[in-house]
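Chemist: Supplied in structure tokens, the structure appears directly below.
The values are calculated or read from the model by the stated rules, or taken from the named source; none is laboratory data. Remember, predicted model here, so these are calculated numbers, not experimental data. Ideal geometry is used to build each Cβ from the backbone, glycine not excepted, and the neighbour counts take in all protein chains shown. When the accessible area is computed, the model is the full protein with side chains, heavy atoms only, and any ligands, DNA or RNA have been set aside. Shrake-Rupley method; radii C 1.70, N 1.55, O 1.52, S 1.80 Å.
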Amino acid sequence: MRSSTATGHAGSRPAAAGTFWTLLPNPTPAELARATQGWDLHPLITADLTQRRRHPKLERFGEVRYLTVWDIDPRDGRQASDAELRFVFDDERLLIVQQGPTEHLRDIGALLTAADALPVRSPVSAVYRVLNAVVTDFVQIGADIERELERVEAEVFDSRVHEDYRRIYRLRQRIGTIDRAASGLAEAVRDGRAEIEAATVGETALRPYFRRLVNDVEGVARLAAAEHVALDAVVSSHESNVSTRQNQDMRTISSFAALLAIPTVVAGIYGMNFKNLPLVQWQFGWLVIGLSIVVVDVVAVVLFLRRGWLGKGRRGRAAEDEE
């Protein structure tokens, strides 16, 4: 669920807070400084919180854990690098910082207060609740891309359809977005397995859920990598189709140029000022020359049609019949 309401200063909303968690959407430096008072944060965390487009990672500084992930709005899979979630938490407190366009920010408050089979009772359970929603969207986007990729493949490999190159490159952009977001999160949670185990010492019931989450995000990362490979084949086929159509266009243009060249050459020869040209002195010579031009052009048209230079020819029709 996404929030589309913006209040407070430009590009931000007021902070929301639960019993142990605080939410800051697009905070100003002053708001961030007030929210982190008493945390005794490491300077590296403070620097990360004030910067954008940090690579997903899970780190620990003393008793404080820091996690950053890229979020994606499933309504628009191109917003991964513009929507980010930062989690700063220990055993008792949780600070969530959201950055990105307001219309693409996830409604974290509603997510954490919603009833669920796995209640939010601690910072680490709240982190899991949000991460699970993020990964669920990743899975949905990956499945949507897979279906779209199948439709694009059907178009590209169907010679009767002229595929939309803009659709192909929009799909490449979406795959790149989910690939970077999912692979970054998968690497962060894979490298931070020890930190996840340490954070769930008092809540061992959460560990199977985190393991499932790790498996899901790694699966999405592998799917995105496979979609990249499949799309590369689609792009190669699309480029081959474009080249084939351009070659066909050039053949057609050349065929028409040849058909026009035949009467031009004959007229050029008989336009020369010589008296001993064949048929020049005969009263029906012009008719014979005209008919000869027509016959030669007709023969050329037939040859061009058989070779597929004008229209599809027998080979092109046979290929369509096989499809």
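Chemist: Give the shape of region 165-243 as rounded, prolate or oblate, defined through the alpha-carbon gyration tensor: a ≥ b ≥ c are the square roots of its eigenvalues, a/c under 1.5 means rounded, and otherwise the shape is prolate if a/b is larger than b/c and oblate if not.
Modeler: In terms of gyration-tensor shape, prolate.
Chemist: So, one more: How large is the charge dipole for region 57-153, taken about the Cα centre, if only the Cβ atoms of Lys, Arg (+1) and Asp, Glu (-1) carry charge, to the nearest 20 debye?
Modeler: The dipole of region 57-153 has a size of about 320 debye.
Chemist: Which percent of the accessible heavy-atom area of region 110-236 goes to carbon and sulfur, probe 1.4 angstrom?
Modeler: Carbon-and-sulfur percentage of accessible area, whole number: 51.
Chemist: A further question follows. In square nanometres, what is the average projected area of the Cα convex hull of region 81-230?
Modeler: Taking a quarter of the hull surface, the average projection is 10.2 nm².
Chemist: Say the dipole of region 113-154 comes from +1 at the beta carbon of Lys and Arg and -1 at that of Asp and Glu; which of VAL135, SER122, VAL152 then lies farthest toward its positive end?
Modeler: SER122
Chemist: Highest mean first, how do 266-275, 180-189, 199-208 rank when packing is the count of other Cβ atoms within 10 Å averaged over residues?
Modeler: 180-189, 199-208, 266-275
Chemist: Here is a further query. Counting just the Cα atoms, what span does region 171-300 cover along each of its three principal axes? Round to the nearest Å and put the largest first.
Modeler: 113, 22, 13
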